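Each remark here refers to the structure printed beneath this line.
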Amino acid sequence: MDKFAVERLQEIVDGAQRLVFFGGAGVSTESGIPDFRSPDGLYHQKYKFPPEYMLSHECFMDRTEAFFEFYRDKIISYDAKPNAAHYFLARLEAAGRLSAVVTQNIDGLHTDAGSKRVYELHGSVRRNYCMQCGKYHSLEDVKSMAGIPRCECGGIVKPDVVLYGEGLDENVVTGAVNAIASADAMIIAGTSLVVYPAAGLVRYFRGKSLVTVNLDKDPAISRGIHIQAKIGELLSEIEIK
Ligand code: ZN
């Protein structure tokens, strides 16, 4: 780990009162959740369509059974636990220094770690609702049902996850924008930042210290400082004073 980078980040965390953390898929890989967009070798033997289609609104509507097969196989992580990054952020919030976590991940691990204000831009596998009567179903409910999950009323239980071809929840986006716009420091981790909505949201940041952390050698944006590291390993080096 680059000692100089750790020191810089420590100074930024020490000085922050309203830090916002923006995280992508890279935050969850240390919890053993693979990025579903990088199909493994066996993928093509099993699925005819690319992952973007399998996780699309179109697939959900037209090939519901195939959707749920993919969803159970590739998206739900049955035994993933929060890692050092998730726990650090929950502690920083409890210390009154972090105002929000904004995440593109749908695994619910920030909430598991104890974070309270989490804007899940793409929803969460933890919440599932019947399309007919609106009843809430837990992830455990969905896990226990084979094939297409169905409510007692007969309706299909749809995960509260933003599928390709669906719009983001406006309230969640507004909350994230407000948190970012009033933040004094921001850490963007585990995302290349070139993908929507990360690139758009970072424009709202007007604070002093911007840090990007990912495995890329070079930063995707010219602002702030860039640290090439795994976010969990990096935050393990940071103290909350
Ligand atoms: Zn129902």
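The values are calculated or read from the model by the stated rules, or taken from the named source; none is laboratory data. Here the structure is a predicted model, which is why all the values come from computation and not from measurement. Virtual Cβ from ideal backbone geometry, glycine too; neighbours counted across all protein chains shown. To get the accessible areas, we keep the full protein, side chains included, count just its heavy atoms, and leave off ligands, DNA and RNA. Shrake-Rupley method; radii C 1.70, N 1.55, O 1.52, S 1.80 Å.
Here are some notes:
Residue-wise test of (1) under 25 Å from residue 80 (Cβ atoms); (2) more than 16 Å from the ligand (Cβ to nearest atom); (3) in contact (Cβ under 8 Å) with a residue 40 or more places away in the chain.
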{"site": "126", "(1), (2), (3)": "yes, yes, no"}
{"site": "135", "(1), (2), (3)": "no, no, no"}
{"site": "154", "(1), (2), (3)": "no, no, no"}
{"site": "157", "(1), (2), (3)": "yes, no, no"}
{"site": "167", "(1), (2), (3)": "no, yes, no"}
{"site": "186", "(1), (2), (3)": "no, yes, yes"}
{"site": "219", "(1), (2), (3)": "no, yes, no"}
{"site": "226", "(1), (2), (3)": "no, yes, no"}
{"site": "231", "(1), (2), (3)": "yes, yes, yes"}
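- Odd one out for residue 48 among (1) basic (Lys, Arg); (2) at pLDDT below 90; (3) touching an Asp or Glu at 6+ places or on another chain (Cβ under 6 Å): (3)
- All positions within region 3-25 that are touching a strand residue (DSSP E or B) at 6+ places or on another chain (Cβ under 9 Å) and closer than 11 Å to residue 225 by Cβ: 5, 8, 9, 11, 12
- Checking each residue in region 202-217 for being under 20 Å from residue 19 (Cβ atoms) and in contact with a strand residue (DSSP E or B) (Cβ under 7 Å, 6 or more places away or on another chain) picks out 202, 205, 207, 208, 209, 210, 211, 212, 213, 214.
- Residue count for region 190-241, restricted to those that are among the charged types (D, E, K, R) and open to solvent by less than 10 Å² (accessible area, probe 1.4 Å): 0
- Any hit, region 144-161, residues being under 17 Å from residue 65 (Cβ atoms) and of a type in the set (D, E, K, R): yes
- Residue 96 falls short on exactly one of the conditions (1) out of contact with any Leu (no Cβ under 9 Å at 6 or more places or on another chain); (2) within 16 Å of the ligand (Cβ to nearest atom), and that condition is (2).
- Residue 175 vs. criteria assigned to a helix (DSSP H, G or I) and surrounded by 14 or more Cβ atoms within 10 Å (Cβ to Cβ): yes
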